[in-house]
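Below is one structure, written out as structure tokens; the observations come after it.
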Amino acid sequence: MSRVVLPLVVAAMLLPIGVMVVVASAPAGGGAGFGLFANLAEMFAGGDFPVYFRNSLILSFGIGLLDVIFAGAAGYALARLRFFGGRVLFALVVGTLSLSPTVVMVPVYVIVHGLGWIDSFQGMIVPSMMSAFGVFLVRQFALGLPEELLLAARVDGAGEFRIFATIAVPLLRPALITLFLLQFLAQWDNLLWPLLVANDPALWPLPVGISQLQTEIGYDIRLMTTAALVTAVPPIVLMFLLQRYYVAGLTLGGVKR
């Protein structure tokens, strides 16, 4: 049964991509022929799409790396360091997971506006550079680190920062890469927050740029689909390159030590 169902599920998932390729390959003005490369050249010739693409890379990689650094350090500290109020702090972090992003969007926007960060990369990056989910994810993985290894490092005179950087980070690599991939994908597709903060087209990422492209070209489905096809390439490539770490990161937390 699974030999029949699974191929059908895969085909159903690949069908939208196939339709996207067909539409993006339609030549300008209709008619027969393969016009994908001409559509790509036309899309990049306008000058705006490369800017949107660059901005998406800056936001996605920047927020992903910052989340790995800050959430990784915070998650490890909450799991392995004993300090006053640690459990309360972790409870507050977990509590924020129940809040919808739209609930905190208005107060965060007020803060960003008060700091003068409207129309700036820091206004789009700083509010998302550390996620509560990232702290929770890394903490759960850090709880599974061998305590004997950490104690041996402390006996040898290693400080907590050195233990974290040289011992914990390599062991937490699947979790950190998983966090980076999840954050990268979330920011790559993020439309609402950049749309609120960035009024300058020079700062627009791909989702905002493509949404504005609809009115600029009069709903040219051919170019819109071509842009969407190009937008889908980086996440697919990144997932292909890092999939073994991603799978390890998803399964490691379910293993009882």
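Any read-out appearing in this document is the output of simple, stated calculations on the displayed coordinates, not a laboratory observation. Note that the coordinates shown come from a computational prediction; the quantities given were computed from them, not determined experimentally. With ideal geometry, Cβ positions are generated from the backbone for all residues, glycine too; neighbour counts draw on all protein chains shown.
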Rounded to whole Hz and in sequence order, give me ³J(HN,Hα) for region 86-97 from the Karplus expression 6.51 cos²θ - 1.76 cosθ + 1.60, θ = phi - 60°, writing x for Gly and Pro. x, 5, 5, 4, 5, 4, 5, 4, 5, x, 5, 5
Using mean Cβ contacts within 10 Å as the protection proxy, how do 100-111, 68-79 order, highest first? 68-79, 100-111
Candidates G62, G35, G18; GNM for the chain (alpha-carbon contacts under 10 Å) flags as most fluctuating G18
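Suppose every Lys and Arg Cβ carries +1 and every Asp and Glu Cβ carries -1, with no other charges. What dipole size does region 1-98 come out with about its Cα centre, to the nearest 20 debye?
On the way: 5 positive and 3 negative charges, 124 e Å.
Using only the charged Cβ atoms, the result is roughly 600 debye.
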Environment charge of R162, counting only residues whose C-beta is closer than 13 Å and scoring Lys/Arg +1, Asp/Glu -1: -1
Residue-ordered couplings for region 220-234, obtained by feeding phi - 60° into the Karplus form 6.51 cos²θ - 1.76 cosθ + 1.60 and rounding to whole Hz (Gly and Pro as x), are 7, 4, 4, 6, 4, 5, 4, 5, 5, 5, 5, 5, 7, 5, x
In Å and on Cα atoms, what radius of gyration and Dmax does the chain show? 22.2, 75
Within a Cβ distance under 12 Å of P27, other residues only, what is the Lys/Arg minus Asp/Glu net charge? 0
Listed peptides 5-13, 178-186 by packing density, highest first (mean Cβ within 10 Å): 178-186, 5-13
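If you average 1/r over all unlike Cα pairs in region 25-152 and invert the result, what Kirkwood radius do you get in angstrom? The partial results should precede the final answer.
Details: mean 1/r = 0.0543 Å⁻¹.
About 18.4 Å for region 25-152.
Taking the Cβ-Cβ separation of H113 and I58 as r and a Förster radius of 25 Å, what is the calculated FRET efficiency to the nearest 0.05?
Working from the Cβ atoms, E equals 0.70.
State to the nearest 20 debye the size of the charge dipole of the chain about its Cα centre, where the only charges are +1 on K and R beta carbons and -1 on D and E beta carbons. Working shown, then result.
Numbers: 13 positive and 12 negative charges, 222 e Å.
About 1060 debye.
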